[in-house]
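The values are calculated or read from the model by the stated rules, or taken from the named source; none is laboratory data. Every value quoted in this text rests on a predicted model; they were computed, and no experiment measured them. With ideal geometry, Cβ positions are generated from the backbone for all residues, glycine too; neighbour counts draw on all protein chains shown.
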Amino acid sequence: MNTSVPPLHPNPEDSQPILGLSGVLEALLRRPRQLWQQLGQNRSPSLMLGLLTLTLVATLLYGVVVGSFSGGTQWWAAPLKLTFGLLACGLLCLPSLYVFACLSGARVGLLDAVGLVIGLLALFSVLLMSFAPVAWIFSESTQSVAAMGALHLVFCLTAIAFGVRFLHQGLVHWGAPSNAALAVWSVLFVLVMLQMMTALRPLVGTADTLLPVEKRFFLQHWAKNLNPESEN
């Protein structure tokens with residue numbers, strides 16, 4: 001993955017304040033350097049709050065589409081599980097990101113790492129929300145839990161790829177000469193997210209309980225769904 005960023009030149013727009021959720025969204029999608037600069041220089045609480053709000057709104061909306069496949073309690077359970085799981089992944093992986101960022105040579109503090117994680121989660125959530133119409137049409141036209149689970153997984157992995165790219169480029173912007181350590185962290189983040197979604201199952205389909213009663217590795221869970229007659 002090419003995470004290089006173009007040489008930086010003074011740009012008056014980068015120092016302009018980012019106002020409102022629409023401004024945060026616009027900067028996230030079109031002017032990431034503006035986000036990196038303001039997160040790094042100002043560590044603006046309002047900017048972080050805007051990114052977090054965008055994350056919550058987008059994830060909840062996508063979760064409603066996920067829950068529409070089964071209906072019933074999944075209308076509210078799936079959005080809450082997705083939102084909690086995403087925020088938990090960011091929190092769990094934050095300490096390791098800070099350590100790996102320091103090892104990579106980036107000039108970041110803990111608050112900078114917090115801002116980058118929130119930015120990653122925001123971009124991830126916005127991309128998921130953009131896939132929501134496609135996910136909805138499949139939810140309304142198929143009854144296959146495995147097929148819907150695979151579709152949501154493809155959407156999630158695509159969104160993660162762009163989110164991680166955003167984070168890597170942000171650290172390059174802040175002086176990281178190498179992304180080797182961050183590549184390791186990216187793999188860790190993906191594994192944590194996959195396991196978190198497994199721990200909060202079911203997200204697609206239904207079960208007798210709101211949360212699972214047994215522990216299961218995500219690969220074991222996938223194998224079980226693909227071959228329901230296999231032993232636990």
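So in segment 60-114, with the set limited to residues that are of a type in the set (D, E, K, R) and either modelled with pLDDT of 95 or more or in a helix (DSSP H, G or I) (or both), which one is surrounded by the fewest Cβ atoms within 10 Å (Cβ to Cβ)?
That would be ASP112.
Residues of segment 1-52 being among the charged types (D, E, K, R) and modelled with pLDDT of 80 or more, which ones?
Of the residues in segment 1-52, the ones among the charged types (D, E, K, R) are 13-14, 26, 30-31, 33, 43.
Within segment 1-52, GLU26, ARG30, ARG31, ARG33 qualify.
State whether the residues of segment 94-114 include one that is under 16 Å from LEU35 (Cα atoms), under 14 Å from the mean Cα position of the chain (by Cα) and touching a residue at least 60 places away in the same chain (Cβ under 8 Å).
yes
Being farther than 16 Å from VAL24 by Cα and of a type outside the set (Val, Ile, Thr): is that true of ALA122 here?
When the stated conditions are applied, ALA122 does not pass them.
Residues to consider are VAL184, VAL154; find the one that is in a helix (DSSP H, G or I) and touching a residue at least 60 places away in the same chain (Cβ under 8 Å).
VAL184
I'd like the residue in segment 172-187 that is small (Gly, Ala, Ser) and farther than 15 Å from ASP112 by Cα and, out of all such residues, is surrounded by the most Cβ atoms within 10 Å (Cβ to Cβ).
SER186
Residue by residue through segment 136-171, note down the ones that are of a type in the set (A, V, I, L, M) and surrounded by 20 or more Cβ atoms within 10 Å (Cβ to Cβ).
Answer for segment 136-171, where residues must be of a type in the set (A, V, I, L, M) and surrounded by 20 or more Cβ atoms within 10 Å (Cβ to Cβ): MET148, ALA159, ILE160, VAL164, LEU167, LEU171.
What is the one condition in (1) in contact with a Phe, Trp or Tyr (Cβ under 8 Å, 6 or more places away or on another chain); (2) assigned to a loop (DSSP other than H, G, I, E, B); (3) not aliphatic (A, V, I, L, M) that GLY170 does not satisfy?
For GLY170, the exception is condition (2).
I'd like the full set of residues that are part of a loop (DSSP other than H, G, I, E, B), crowded, with 18+ Cβ neighbours inside 10 Å and of a type in the set (A, V, I, L, M, F, W, C), limited to segment 191-209.
Across segment 191-209, the qualifying residues are LEU200, LEU203, VAL204.
Conditions: (1) closer than 25 Å to LEU182 by Cα; (2) in contact with a Ser or Thr (Cβ under 9 Å, 6 or more places away or on another chain); (3) without any contact (Cβ under 8 Å) to a residue 60 or more places away in the chain. PRO17 meets all but one. Number of the miss?
Just one mismatch for PRO17, condition (1).
For PHE124, indicate whether it is in a helix (DSSP H, G or I), under 24 Å from VAL172 (Cα atoms) and over 13 Å from the mean Cα position of the chain (by Cα).
So PHE124 does not fit the description; no.
Report yes if GLY149 is within 17 Å of LYS81 (Cα to Cα), part of a helix (DSSP H, G or I) and in contact (Cβ under 8 Å) with a residue 24 or more places away in the chain, otherwise no.
yes
Out of segment 78-136, which residues are within 21 Å of GLY50 (Cα to Cα) and either touching a His at 6+ places or on another chain (Cβ under 6 Å) or of a type in the set (Gly, Ala, Ser) (or both)?
Listed by number, the residues that qualify are GLY85, ALA88, GLY90, GLY109, ALA113, GLY115, GLY119, ALA122, SER125, SER130.
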